[in-house]
Amino acid sequence: MLERDVMGKMETATTIAAHVAAGRRKAVAVCHEALGRIEDRDPRFRAFLEVTPDYARPRAARVDADLAAGKPAGPLAGVPLAIKDNICTTFGHTTCGSKILKGYVSPYNATVIDRIEAAGGVLVGKTNLDEFAMGSSNENSAYFPTRNPWNTDCVPGGSSGGSAAAVAAGLVPLALGSDTGGSIRLPAAFCGVVGMKPTYGRVSRYGLVAYGSSLDQIGTLAANVEDAALLLTVISGQDPRDSTSVDHPVPHYCEELRDAKLAGLASGLRIGVPAEYFGAGLESETRAAVEAALDVYRRLGARTVEVTLPHTPYAIATYYLVAVSECSSNLARYDGVHYGHRTAHPRNIIDLYSSSRNEGFGAEVKRRIMLGTFALSAGYHDAYYNKALKVRRLIKDDFDRAFEQCDVLAGPTSPTPAFRFGEKLDNPLAMYLADIYTIALNLAGMPGISIPCGFSETGLPIGLQLMAPVFGETVLLQAARLYERETEWYLRRPPVTS
Ligand code: GLN
């Protein structure tokens with residue numbers, strides 16, 4: 001394969017928006033280039049389930065026309081974005097990577113979509129995911145697996161693997177994902193990009209197809225921390241349509257990253273290092289890269305403190321009871337009547353429900369519905385679901401105690417870099433363990449970010465995870481930016497091959 005150039009040449013969202021706002025570039029031209037890159041390069045990775053040029057081009061023209069008419073430029077003026085396909089859009093389809101929603105067209109936009117468009121963003125398509133966001137590798141997509149742009153034999157991570165690959169491959173500068181147990185941070189780590197999961201309630205979930213409602217949160221995938229902050233500022237804030245979104249002031253996160261704001265910050269920063277995130281199972285190259293990142297912080301004057309999150313060993317079991325219970329209830333709505341696929345010749349109403357669901361859902365989704373139905377059933381909910389809720393509280397208490405001693409926590413995002421296709425497919429438990437460092441944070445409702453912090457010997461990216469207390473997005477982004485300013489990992493991009 002021939003190496004032509006390096007994907008890093010794509011402009012950042014911040015630069016594009018500044019150029020478009022100043023009239024130096026046209027949104028139509030930026031959109032045209034993004035669609036061209038997708039057409040050229042996406043066939044190798046298949047990050048997109050659907051590209052929507054007929055929707056994107058007129059939207060871009062509209063951004064240009066509004067500017068020409070003297071309307072103020074939005075913060076995302078002319079920026080092309082990709083959307084994970086479990087976020088409802090009236091353009092294109094919303095399939096959730098599932099056959100049961102094949103061809104489904106949403107009658108409404110998710111709140112985040114309206115906010116992005118009001119800010120001048122141009123949506124170019126819907127990205128691939130594990131079916132209903134259940135998975136860690138993208139292999140559970142009912143359509144096809146997305147490939148990792150760094151090595152197409154490897155998974156991009158999941159479930160927002162399409163969004164992460166689209167940014168890593170330089171197709172678009174920004175994408176939306178959703179994170180129920182790590183689905184933004186894990187693919188960000190595997191693809192070498194920045195992935196942020198906000199505090200539960202920071203971003204409206206209206207129009208995000210529900211998986212585990214008490215865990216799900218929409219977040220950003222970006223090529224650098226500033227772009228992540230830009231998109232977060234646009235999508236954050238209370239929404240009357242989502243009662244779990246919180247009325248909490250939204251800072252201008254980009255302003256908080258200015259050099260003047262960061263000056264002197266490192267010397268007062270306390271970084272907690274949870275002992276449980278560095279135990280057996282953490283692969284040595286990943287450990288070395290994360291420890292080197294901690295050294296960077298120390299060199300900047302930050303203090304690292306050893307902390308402990310003693311209930312970490314129960315996080316996987318707790319998550320896989322809470323998440324599957326909520327999913328079994330949320331997915332009851334796909335019955336062959338309300339949405340999507342309906343079996344062809346049902347014998348009676350029961351057969352209509354069961355055959356439609358049997359034909360429409362994939363194996364992992366069925367496994368989780370069955371587990372969740374069991375965990376919630378009359379004889380067992382005290383032993384499983386209710387017990388899991390109690391442990392969830394203990395896990396949150398662990399974080400609260402740790403944050404008494406530090407401002408942010410730091411550790412690996414994943415125990416290993418991206419694995420190969422098929423490696424964990426036959427062993428769901430091994431697959432679930434890929435989430436070992438990400439899921440506890442969702443149970444606690446707190447924000448986290450994965451940023452590139454190195455590469456394995458085989459050339460695969462490694463992610464550093466930072467975590468902060470509830471509504472600690474500002475310090476989280478600032479800590480991430482402090483590291484990013486000192487290193488160049490985030491500038492590396494996979495080679496373009498033809
Ligand atoms: N891999 C985890 C799961 O399968 C997390 C998925 C997610 O965050 N959506 O549930």
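Computed from the coordinates by the stated procedures, all read-outs in this text should not be read as laboratory data. Just so we're clear, the structure is a prediction, and the values are computed from it rather than from any experiment. Note that each Cβ is placed from the backbone with ideal geometry, even for glycine, and that neighbours are counted across all protein chains shown.
Given an 8 Å cut-off on Cα distances and at least 6 residues of separation, report the relative contact order of the chain as a percent. Please list the in-between numbers first.
Details: 1205 pairs, mean separation 93.5, N = 498.
Here the relative contact order equals 19 percent.
Could you sort 289-295, 214-220, 445-451 so that the peptide with the highest average Cβ count within 10 Å comes first and the rest follow in order? Write down the numbers at each step before the final one.
On the way: 289-295: 18.1, 214-220: 25.6, 445-451: 28.0.
Averaged packing, sorted descending, gives the order 445-451, 214-220, 289-295.
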Tell me which trypsin sites (Lys or Arg not before Pro) from segment 307-394 have a DSSP coil assignment and no more than 11 other beta carbons within 10 Å of their own. Arg347
Among DSSP beta bridges lying fully in the chain, give the percent that are antiparallel, nearest 5. 70
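State the percent of C-alpha pairs, over all pairs in the chain, separated by a distance greater than 40 angstrom.
Numbers: 19001 of 123753 pairs.
Here the long-distance tail beyond 40 Å is 15 percent of all Cα pairs in the chain.
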Projecting the Cα atoms of Leu231, Tyr200, Ala210 onto the charge dipole of segment 194-252, where Lys and Arg contribute +1 and Asp and Glu -1 at Cβ, the residue farthest towards the positive end is Ala210
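Does segment 430-498 classify as rounded, prolate or oblate by the C-alpha gyration tensor (a ≥ b ≥ c root eigenvalues; a/c under 1.5 gives rounded; else a/b over b/c gives prolate, otherwise oblate)? Kindly include the intermediate steps, with their values, before the conclusion.
Working: a/c = 2.79, a/b = 1.33, b/c = 2.09.
Oblate is the answer for segment 430-498, as a/c is 1.5 or above yet b/c matches or exceeds a/b.
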Quick one: which of Lys102/Lys366; Lys102/Lys424; Lys197/Lys396; Lys84/Lys197; Lys99/Lys126; Lys366/Lys390 span more than 19 angstrom between C-alpha atoms? Lys102/Lys424; Lys366/Lys390
By average C-beta atoms within 10 angstrom, highest first, the peptides 267-280, 148-161: 148-161, 267-280
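In segment 162-238, what trypsin sites (Lys or Arg not before Pro) fall in a loop by DSSP, with at most 13 other Cβ atoms inside 10 Å? List each step's numbers first, then the result.
On the way: sites: Arg185, Arg202, Arg205; in loops: Arg202, Arg205.
Here no trypsin sites (Lys or Arg not before Pro) fit, given the DSSP loop and packing criteria.
What's the magnitude of the charge dipole for segment 115-235 around its Cα centre, counting Lys and Arg as +1 and Asp and Glu as -1 at the beta-carbon? Answer in Debye, nearest 20.
On the way: 7 positive and 9 negative charges, 44 e Å.
That gives segment 115-235 a dipole magnitude of about 220 debye.
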Once you charge only the Cβ atoms, +1 for Lys and Arg and -1 for Asp and Glu, what is the size of the charge dipole of the chain about its Cα centre, to the nearest 20 debye? 620
Per residue, what volume in Å³ does the convex hull of the Cα atoms of segment 286-416 enclose? 153
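Rounded to the nearest 500 deg cm²/dmol, what is the calculated helix-only ellipticity per residue at 222 nm for the chain, with -39500 (n - 2.57) per DSSP H run of length n ≥ 4?
Mean residue ellipticity, 222 nm, calculated: -11500 deg cm²/dmol.
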From the C-alpha gyration tensor of segment 1-144, pull out the three semi-axes of the equivalent ellipsoid (sqrt of 5λ each), sorted largest to smallest, in whole Å. 27, 20, 12
Output needed: percent of Cα pairs per 10 Å distance bin for segment 91-165, bins running from 0 to the one holding the longest distance. 21, 42, 32, 6
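What does the convex hull of the Cα atoms of segment 201-303 come to per residue, in Å³, rounded to a whole number? Walk me through the numbers before you get to the answer.
Details: hull volume 16.6 nm³, N = 103.
Looking at segment 201-303, the number lands at 161 Å³ per residue.
According to the Kirkwood expression over distinct Cα-Cα pairs, how big is the hydrodynamic radius of segment 378-446, in Å? Spell out each step's value before the answer.
Details: mean 1/r = 0.0691 Å⁻¹.
Result for segment 378-446 stands at 14.5 Å.
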When the charge dipole of the chain is computed with +1 at the Cβ of Lys and Arg and -1 at the Cβ of Asp and Glu, the Cα pointing farthest to the positive end, of Leu443, Val307, Val20, is that of Val20
For segment 112-195, the charge dipole (Cβ of Lys, Arg +1; Cβ of Asp, Glu -1; about the Cα centre) points to a positive end, and the Cα of Thr152, Leu129, Ala142 closest to that extreme belongs to Thr152
